[in-house]
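The values are calculated or read from the model by the stated rules, or taken from the named source; none is laboratory data. Remember, predicted model here, so these are calculated numbers, not experimental data. As a convention, Cβ positions derive from the backbone with ideal geometry for all residues, glycine included, and neighbour counts pool all protein chains shown.
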Amino acid sequence: MTKILALYDRWNTTIEVNLNSLTSILNDGRHEVKIVESRRASAEDLNWCNACYAIRPASIYMVRIMKAIRIAGKLFVSTYDDDFLELPIGSTERWKKKFVKQCLKDSDVVVTCNPLILKKYKKIAPKPNFIIIDAHVLEKDIKPVPIVDDKIQIVYAAGRDHTELFDQYIKPTLNEVYERFGNRLSLTLMGVEPRLDSLANTQWIELIPSKPLEMYNEYMAGHDFDIGLSPLPDSPFCNRKYFNKYIEYSKNGILGLYSRCLPYTLVVEDGRNGVLVDNSIDCWKKSIICAIDNISEMKKMAKTAQQNLRESFSIEAVRKVWHDGIENKITSANDAHIVTYHRARMQEFIYELLSTAHRVFVHVKTEGLSMTMRRIIKHNA
């Protein structure tokens, strides 16, 4: 039985997605996974495992754990699904770049899901082995494509940080789209929080707050959406993201309209398993109208996208990559030395102080003092 210690710095939905994926891959009767927050990891945890699998490592805790693991001769794997060396200006994690670089340079294996990240990080850290592991989709989670109905249901599922993107490209199209199709349409906005008072009619639009991951998945699977919208900026940071929305929409039988930029151009063949849209109001308007007018063809594309999931994103394919890239490098516990690991209390105190100060500074700068105080009160309640 191979024992994997899965580590993370701060819990969020992305960490949950990564952990769910890892435990699913290793649910084969030959692995045992223990999940621990990095700041709570102990010498007992590090001695228990055969290898550490660190998700988005970017902290003093991860750096110290990595050094202890490496000295003992065990495997340390770092995985990044975003470019943590080029986070947006509004990110509270930007100041942690030095910890990311340390983890990159001294890891045994670095896992990513985007070839652009791989290419960039290899130049910074030539020593580790780099591998690409895609997300996987289980057959039981692929939902039949809904049949064409009298009402066409459109969904835009994203985070609150996508509200500006919605306002830029999607909202300006809605008056004309509704004027043309009227009550044949419904639009569900999940997670985004736009102001809609400039629209002539909003009765066809439903606003759904962000949901925890499990509830979000249940909601998407429980509704027969026809068309999914996914605009994305064509920027260096966004280019190095993963095409999660393609997988989410496709497995739920939804035909996706995606920005014509990376990472979507890595997986979407325009007119075959999705629609690629240039980032302009006019192009998004024309693409939405065209998709509604040709909904039967959109259903065929959605089925092609699901076939692509079966062929390229099966758990068997992902397990093979894991075995070839990671499993073969794991040293058995009998061959490794005892791990010596002690907490560095003063170092950790300074790190936590700096981390809190950076988070508060960013929130005050982007949201204002009043909103930041409300956020702090809610967090401590």
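Candidates Lys67, Lys96: the one that is in a helix (DSSP H, G or I), at pLDDT 95 or above and buried (at least 17 other Cβ atoms within 10 Å of the Cβ) is Lys96. Restricted to the stretch 202-219, and to residues that are in contact with a Gly (Cβ under 9 Å, 6 or more places away or on another chain) and of a type outside the set (D, E, K, R), which residue is surrounded by the fewest Cβ atoms within 10 Å (Cβ to Cβ)? Once the filter is applied, the top-ranked residue is Pro209. The condition of being out of contact with any helix residue (DSSP H, G or I) (no Cβ under 9 Å at 6 or more places or on another chain), surrounded by fewer than 17 Cβ atoms within 10 Å (Cβ to Cβ) and touching a residue at least 24 places away in the same chain (Cβ under 8 Å) holds for only one of Asp270, Asp197, Asp224, that being Asp224. Residues that are under 18 Å from Ala68 (Cβ atoms) and modelled with pLDDT of 90 or more within the stretch 308-341 comprise Ile338, Val339, Thr340, Tyr341, listed in sequence order. None of Glu16, Glu44 is at pLDDT 95 or above, part of a helix (DSSP H, G or I), under 24 Å from the mean Cα position of the chain (by Cα) and among the charged types (D, E, K, R) except Glu16. In the stretch 276-295 there is no residue matching the filter, namely being among the hydroxyl-bearing types (Ser, Thr, Tyr), in a helix (DSSP H, G or I) and surrounded by fewer than 18 Cβ atoms within 10 Å (Cβ to Cβ). If the condition is being more than 19 Å from the chain's Cα centre (by Cα) and either surrounded by 18 or more Cβ atoms within 10 Å (Cβ to Cβ) or among the small types (Gly, Ala, Ser) (or both), then the stretch 48-60 contributes Cys49, Asn50, Ala51, Cys52, Ser59, Ile60. Here the stretch 243-262 is the region considered, the condition is being more than 17 Å from Pro144 (Cβ to Cβ) and in a loop (DSSP other than H, G, I, E, B), and the residue that is nearest to the chain's Cα centre (by Cα) is Phe243. Take the conditions (1) crowded, with 18+ Cβ neighbours inside 10 Å; (2) in a loop (DSSP other than H, G, I, E, B); Gly29 misses just one of them, which is (1). Contact map, the stretch 109-135: first residue under 16 Å from Ala317 (Cβ atoms) and modelled with pLDDT of 95 or more, second residue assigned to a loop (DSSP other than H, G, I, E, B) and aromatic (Phe, Trp, Tyr), Cβ cut-off under 8 Å, separation 6 or more or different chains; pairs are Cys113/Tyr242; Asp134/Phe313; Ala135/Tyr242; Ala135/Phe313.
From the list Met301, Met371, which one is touching a Leu at 6+ places or on another chain (Cβ under 7 Å), in a helix (DSSP H, G or I) and of a type in the set (A, V, I, L, M, F, W, C)? When all the criteria are applied, what remains is Met301.
For (1) in the same structural domain as Ile227 (by TED's automatic domain parsing); (2) in a helix (DSSP H, G or I), each residue gets a yes or a no:
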{"site": "Lys119", "(1), (2)": "no, yes"}
{"site": "Lys123", "(1), (2)": "no, yes"}
{"site": "Pro126", "(1), (2)": "no, no"}
{"site": "Ile131", "(1), (2)": "no, no"}
{"site": "Tyr156", "(1), (2)": "yes, no"}
{"site": "His162", "(1), (2)": "yes, yes"}
{"site": "Ile170", "(1), (2)": "yes, yes"}
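The set of residues in the stretch 342-364 that are part of a helix (DSSP H, G or I), of a type in the set (D, E, K, R) and modelled with pLDDT under 90 comprises Arg345, Arg359.
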